[in-house]
Amino acid sequence: MICQNPAMKTIGPWRPGLCRQLQKAFVTGVQKLDRTELETACEGYSNIIESMEGCTLYKGTLSSGVEICVASTTITRLKDWSKSAELTFHNKIEMLSRVNHKNFVNLIGYCKEDKPFCRMMVFEYTPSGSLSDNLHVQGLEHLDWSARMRIILGVAYCLQCMHDLTPPVVPMDLNTKMIYLTNDYAAKVADFSFWKEFSQKAKILGVDRSRRCVVPDKETNIYRFGVVLLEIVSGKLPYSDWAERFLKDDENVSRMIDPTLKSFNQNELDVVCEVIRDCVQKNGSERPTINKIVGKLRDGIGISPEQAIPRLSPLWWAELEILSADET
């Protein structure tokens, strides 16, 4: 639990302006938001979800009760924020705003101010933590086999949507730490890794990494998806020799299953293992497209796109659907 700093200044009463801005964003796209309103929503930026290289994630609550996640750069001075960083920031906003899928941690707003300096993006909030935490942290609710299969299909359907966009949107660093879970444990793919390109660490080293930011490609994304699948079914971190040995030995398929699982479906496991082997082939050109992967997984596991999304839509999704209907 995060405690309030007693020395922190008192935040003034909440004003409804941000809610109106977000309502507009639900229909018209990503909106520029006010820093002081976000400060109020995030309890003076004391409510930290997670810190990662180049970025801090805060939980916020709007006056309407809608929960949000605010991602803020760790850069604190305008002079440390280059022109190329600003261009990359705006390009990322434009890119993420094109993804509209219920298995994606959707971008709903951004904030940029120079005095005091801030660069932030506002996303929907996912309350059940990362997939990595739910697989590896003791004390969290156990993910059974059916939940893991639903997560796999949710990620696959989201990637299919992203890859099919023109131009495609490919997550920079797909892994279980960048997949979050809703209240009913539906998967939400996030893309926060790009913030490290602006990190203070890069500035100290004298390198503006945003100038050489490498655009991820579909083949690499498919490989990382295969690694994610291996981690989901094994319950182990996949960066070890055992993973490579498993991929070469068909007889080891059942032995690599997460021992904490009380049961699993052998036919579904066989399908997932076949997809893993296809995804992690050394020659990228031989890896399947996400459309072929989705077809194989859906045929073998039988979870539709409708079954993979959150059963209870977050409040902001419900408002989006209502307001979109009003606009038409």
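What follows draws every value from the coordinates through simple rules; no lab data is involved. Remember, predicted model here, so these are calculated numbers, not experimental data. For neighbour counting, all protein chains shown are included, and Cβ atoms are generated from backbone atoms with ideal geometry for every residue, glycine included.
Summary of computed values
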quantity: Scattering profile of region 17-125 at q = 0.09, 0.11, 0.22 Å⁻¹ [log10 I(q)/I(0), Debye over alpha-carbon scatterers]; calculated: -0.21, -0.32, -1.36
quantity: Whole-Hz ³J(HN,Hα) from phi, Karplus 6.51 cos²θ - 1.76 cosθ + 1.60, for region 71-80, glycine and proline x; calculated: 9, 10, 5, 7, 5, 10, 10, 4, 5, 8
quantity: Relative contact order for region 80-173, counting Cα pairs under 8 Å that sit 6 or more residues apart, in percent; calculated: 22
quantity: Under Karplus coefficients 6.51, -1.76 and 1.60, residue-wise ³J(HN,Hα) of region 176-185 in Hz, glycine/proline x; calculated: 5, 6, 9, 10, 10, 10, 7, 4, 9, 6
quantity: Computed label-point distance, nm, for sites Leu237 and Arg277 using a 7 Å Cα→Cβ extension; calculated: 2.8
quantity: Relative contact order [Cα under 8 Å, 6+ residues apart], region 17-125, whole percent; calculated: 29
quantity: DSSP bridge pairs, region 17-125: antiparallel proportion in percent, nearest 5; calculated: 90
quantity: Three-way shape call for region 46-106 based on the alpha-carbon gyration tensor, with the a/c threshold at 1.5; calculated: oblate
quantity: Label point distance in nm, Leu87-Glu141, each placed 7 Å from Cα along Cα→Cβ; calculated: 4.6
quantity: Mean Cβ count within 10 Å, highest first, over the residues of peptides 126-136, 180-190, 96-106; calculated: 180-190, 96-106, 126-136
quantity: R0 of 30 Å, Cβ-Cβ distance Asp133-Glu286: FRET efficiency to nearest 0.05; calculated: 0.35
quantity: Length added when fully stretched, Glu43-Glu219, from 0.36 nm per residue minus Cα-Cα; calculated: 59.2 nm
